[in-house]
Amino acid sequence: MIRRPPRSTQSRSSAASDVYKRQDKTVPLAVEKSIPQIEALVTVIVEKMKIGGRLFYMGAGTSGRLGIVDASECPPTFGVPHGLVIGLIAGGDTAIRKAVEFAEDDLEQGWLDLQQHAIGENDVVVGIAASGTTPYVLGALRRCNENNIATGCVVCNTGSPVAREARYPIEVVVGPEFVTGSTRMKSGTAQKLTLNMISTSAMIQLGRVRGNRMVDMQLSNNKLIDRGTKMVMEALNVDYEKANQYLKEHGSVRKAIDSIKAKETAH
């Protein structure tokens, strides 16, 4: 027999869900207000990548994990090298799955982590910190500024130390969390939306998207091969079998489309 919670508990739970949903709806509006700041940072990222630079995300806890997620999705989505967008988290890779106590409190470790990747003036470092106070992020940005390395940040408070340190700050103010202090909630959602915009906008400007098609995506599973085949079908006006043949011959959607169109033009 399934035991249900008392009616009063159910009512409280329903009311809490309603409040949570209403608060969640405010997040995209908060991100929208920050679009000018996002555009300014993206411009710098694109400029640096065009001369061989890389994008680094740095954070602790949820913020660090979100940076790693965005970085890890760039190669399969846009066909870029794995070292072009790099996510670093306080406490190292162990902290991706399990919290590492006090790792975020080290002012020097962020810069040491960047040095492991031979950080330089062509790179851009973006600190991610909901509170805008994380020492791991703050110390890294400070040292980057001292070494003429472009810095940005994604924070969820106004006038924070991290935002003051970053040359291209993004402040997405979402207000108090539904569960006080749990920044994996509205702040985390805002950070994820913002990171999506940063990486996608940069890749579009770098020509890694054609129209709204992921023409450089890695064909790493049957679903993506099917999707790529359909893109080739649409672009070349051929049947599925022929499109699939072209895709397998050339290894990418972009190469298949460009190669066949070039042959058609030549004739």
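Taken as a whole, the range 64-74 holds at least one residue that is open to solvent by less than 70 Å² (accessible area, probe 1.4 Å), modelled with pLDDT of 90 or more and polar (S, T, N, Q).
Residue by residue through the range 227-247, note down the ones that are outside any loop (DSSP other than H, G, I, E, B) and either open to solvent by less than 50 Å² (accessible area, probe 1.4 Å) or among the hydrophobic types (A, V, I, L, M, F, W, C) (or both). 228, 229, 231, 232, 233, 235, 236, 243, 244, 246, 247 - these are the residues of the range 227-247 that are outside any loop (DSSP other than H, G, I, E, B) and either open to solvent by less than 50 Å² (accessible area, probe 1.4 Å) or among the hydrophobic types (A, V, I, L, M, F, W, C) (or both).
Against the definition (closer than 26 Å to residue 77 by Cα and open to solvent by 20 Å² or more (accessible area, probe 1.4 Å)), how does residue 186 come out, yes or no? No: the conditions fail for residue 186. Cβ-Cβ contacts under 9 Å between residues 6 or more apart (or on different chains), taken from a first residue in the range 103-128 that is more than 18 Å from residue 62 (Cβ to Cβ) to a second residue that is open to solvent by 70 Å² or more (accessible area, probe 1.4 Å) and part of a strand (DSSP E or B), are listed as 124/168. Quick test of your reading of the structure: residue 196 fulfils all but one of (1) part of a helix (DSSP H, G or I); (2) under 30 Å from residue 241 (Cβ atoms); (3) out of contact with any Leu (no Cβ under 9 Å at 6 or more places or on another chain). Name the failing condition by number. Just one mismatch for residue 196, condition (2). Which condition number does residue 220 fail, the rest of (1) touching a residue at least 12 places away in the same chain (Cβ under 8 Å); (2) open to solvent by 50 Å² or more (accessible area, probe 1.4 Å); (3) assigned to a helix (DSSP H, G or I) being met? Going through (1) touching a residue at least 12 places away in the same chain (Cβ under 8 Å); (2) open to solvent by 50 Å² or more (accessible area, probe 1.4 Å); (3) assigned to a helix (DSSP H, G or I) one by one, residue 220 breaks only (3). Summed over the range 131-154, the residues that are open to solvent by less than 10 Å² (accessible area, probe 1.4 Å) and either of a type in the set (Val, Ile, Thr) or assigned to a loop (DSSP other than H, G, I, E, B) (or both) give a count of 5.
Would you say residue 126 is surrounded by 14 or more Cβ atoms within 10 Å (Cβ to Cβ), assigned to a strand (DSSP E or B) and hydrophobic (A, V, I, L, M, F, W, C)?
Considered against the rule, which asks whether it is surrounded by 14 or more Cβ atoms within 10 Å (Cβ to Cβ), assigned to a strand (DSSP E or B) and hydrophobic (A, V, I, L, M, F, W, C), residue 126 comes out as yes.
Considering the range 1-57, and only residues there that are basic (Lys, Arg) and more than 24 Å from residue 83 (Cβ to Cβ), the residue that is modelled with the highest pLDDT turns out to be 33.
The values are calculated or read from the model by the stated rules, or taken from the named source; none is laboratory data. None of these values were measured; they are calculated from a predicted model. When we count neighbours, we look across all protein chains shown, and the Cβ atoms used for this are built from the backbone with ideal geometry, even at glycine. Surface areas here come from the heavy atoms of the whole protein model, side chains and all, with no ligands, DNA or RNA. Shrake-Rupley method; radii C 1.70, N 1.55, O 1.52, S 1.80 Å.
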